[in-house]
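Undergrad: Below is a structure I'd like to ask you about.
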Amino acid sequence: MYRFLLSRQWVILTLIALVLIPTMVELGFWQLHRHERRVAQNSLIARNLEAAPVPVSDLTSPGHTVPRDDYWRQVTATGTFDPAHEVVVRRRTNADDRVGFHVLTPLLLADGSAVLVNRGWVPAAADQKAFPEVPPAPGHTVTVTGRLKADETTGASGIKDLAGLPPRQVMLINSKQQAKLLDRPVLGGYLEQTDPKSAAAGPEQIPDPDHDSIGAHMAYAVQWWLFAAAVPVGWSILVRREKRDRAAAAANGTPEPAHAAA
């Protein structure tokens, strides 16, 4: 009665179904894991943004790699800005998705080391090779509060740190690279300045990272699992239809239908 399942068409159809089911299940788990990572990251961001600020030297030091658990921690640093070694970071967008630069200014600390401070976003000049107009940093001793971030790397960011850039322009924020220019120890990672607040004429402050949205990964996971469940259901419907058509053809004395997998 079901010998037609051994035909070439049905063997191929069944093999395709057997491949699709675990593939779709795995795609569902992939989306589930992405959802779980997003939820965990949102919790980490919220927890670290709400934590009381601590001195930056409590969490990082020269050559230190900032661990993920410390991303976005509120830290403070007291020192004087070094505008002579200020650089801008290319291809950065603001809250309105306008492309410009981030302003990276070293803050010289009392112990002789420095920490990089991302003071915010400025628009690009008409000539992309020209240094943009950057509002000056305070010239006196200042205490900066900001979110601690890890050094950017080519592998993690996907951005290539291109050679031959215009003077005082970089692609990545990296403390080791800037330490070579400063000729002094630079604390690992950098600060995204949140306080003092930028003046109206100052760099546009970088907003808090998004930690409310969770995306549609869970919906996609359920969708893939529904697709996986639909495959055997669809296969069963096709088998029953094939059996019915063959039985009807045999009763009428007509040749068996040849649309096995249609």
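Undergrad: Kirkwood hydrodynamic radius, the chain, all distinct C-alpha pairs: what's the number in Å?
TA: Numbers: mean 1/r = 0.0439 Å⁻¹.
Result for the chain stands at 22.8 Å.
Undergrad: In the neighborhood of Asp97, defined by Cβ-to-Cβ distances under 14 Å, what is the net charge if each Lys or Arg adds +1 and each Asp or Glu adds -1? Write out the running numbers ahead of the final one.
TA: Working: positive: Arg91, Arg92, Arg98; negative: Asp96, Glu204, Asp210.
The answer is 0.
Undergrad: Suppose a student asked you for the relative contact order of region 125-251, using Cα pairs under 8 Å spaced at least 6 residues apart; what percent would you report?
TA: On the way: 89 pairs, mean separation 30.0, N = 127.
Reported relative contact order: 24 percent.
Undergrad: So, R0 is 22 Å and r is the distance between the beta-carbons of Leu181 and Thr65; what FRET efficiency does that work out to, to 0.05? Walk me through the numbers before you get to the answer.
TA: On the way: r = 20 Å, r/R0 = 0.90.
Step by step, r from the Cβ atoms, then E = 0.65.
Undergrad: Would you please give the FRET efficiency between Val99 and Ser213, computed as 1/(1 + (r/R0)^6) with r the Cβ-Cβ distance and R0 = 25 Å, to the nearest 0.05?
TA: 0.65
Undergrad: May I ask for the equivalent-ellipsoid semi-axes of region 1-97, computed as the square root of five times each C-alpha gyration tensor eigenvalue and listed largest first in whole Å? Please report the intermediate quantities before stating the final value.
TA: Working: eigenvalues 620, 64, 31 Å².
With the √(5λ) rule applied to region 1-97, the semi-axes are 56, 18, 12 Å.
Undergrad: Moving on to the next point. Mind checking the full-extension length gain between Ala40 and Val19? Use 0.36 nm per residue of separation minus the Cα-Cα distance, one decimal, nm.
TA: Details: separation 21, 0.36 × 21 = 7.56 nm, distance 3.20 nm.
The Ala40-Val19 span can extend by a further 4.4 nm.
Undergrad: With unit charges on the beta carbon (Lys/Arg positive, Asp/Glu negative), name the residue among His64, Gly79, Ala46 whose Cα is farthest towards the positive pole of the charge dipole of region 44-88.
TA: Positive-end residue among those listed: Ala46.
Undergrad: Karplus couplings for region 205-218 from phi (6.51 cos²θ - 1.76 cosθ + 1.60, θ = phi - 60°), rounded to Hz, Gly and Pro as x?
TA: The phi angles translate into 5, 6, x, 4, x, 5, 9, 10, 6, 10, x, 10, 4, 5 Hz.
Undergrad: Let me ask something else. Would you work out the charge dipole size for region 1-132 about its Cα centre, treating the Cβ of every Lys and Arg as +1 and the Cβ of every Asp and Glu as -1, and quote it to the nearest 20 debye?
TA: Values: 14 positive and 12 negative charges, 166 e Å.
Once rounded to the nearest 20, the dipole reads 800 debye.
Undergrad: With each label point set 7 Å from Cα along the Cα-Cβ vector, what nm distance links Ala229 and Ser7?
TA: 3.1
Undergrad: Hey, can you find the accessible area per residue of the chain for me, probe 1.4 Å, expressed in square angstrom?
TA: Values: 14670 Å² over 262 residues.
Using a 1.4 Å probe on heavy atoms only, each residue of the chain averages 56 Å².
Undergrad: How are the Cα pair distances of region 34-85 distributed, in percent, across 10 Å bins from 0?
TA: For region 34-85, the binned pair fractions read 21, 40, 28, 9, 2 percent.
Undergrad: Could you work out what % of the accessible surface of the chain is carbon and sulfur, using a 1.4 angstrom probe and leaving DNA, RNA and ligands out of the count? Walk me through the intermediate numbers first.
TA: Values: 8730 of 14670 Å².
That share works out to 59 percent.
Undergrad: In percent, what relative contact order does the chain have, based on Cα pairs under 8 Å that are 6 or more apart in sequence?
TA: On the way: 445 pairs, mean separation 66.5, N = 262.
With pairs under 8 Å counted, the relative contact order is 25 percent.
Undergrad: Right, next: How large is ³J(HN,Hα) for each residue in region 226-237, as worked out from phi by the Karplus curve 6.51 cos²θ - 1.76 cosθ + 1.60 (θ = phi - 60°), to whole Hz, x for Gly and Pro?
TA: 5, 4, 4, 5, 6, 4, x, 5, x, 4, 5, 4
Undergrad: Is region 76-157 best put as rounded, prolate or oblate by its Cα gyration tensor, with a ≥ b ≥ c the root eigenvalues, rounded for a/c under 1.5, and otherwise prolate when a/b is larger than b/c, oblate when not? Mind showing how you got there, number by number?
TA: Numbers: a/c = 2.01, a/b = 1.46, b/c = 1.38.
Because a/c hits 1.5 or more and a/b exceeds b/c, region 76-157 counts as prolate.
Undergrad: Something else now. Taking only DSSP H segments of four or more residues, each worth -39500 (n - 2.57), what value at 222 nm results for the chain once the sum is divided by all its residues, to the nearest 500 deg cm²/dmol?
TA: Values: 4 runs with 91 residues, N = 262.
Theoretical 222 nm ellipticity from helices: -12000 deg cm²/dmol.
The values are calculated or read from the model by the stated rules, or taken from the named source; none is laboratory data. Values in this document were obtained by computation on a predicted structure and should not be read as measured data. Every residue, glycine among them, receives a Cβ derived from its backbone with ideal geometry; neighbour counts consider all protein chains shown. These area figures cover heavy atoms from the full protein model, side chains too; ligands, DNA and RNA do not enter into them. Shrake-Rupley method; radii C 1.70, N 1.55, O 1.52, S 1.80 Å.
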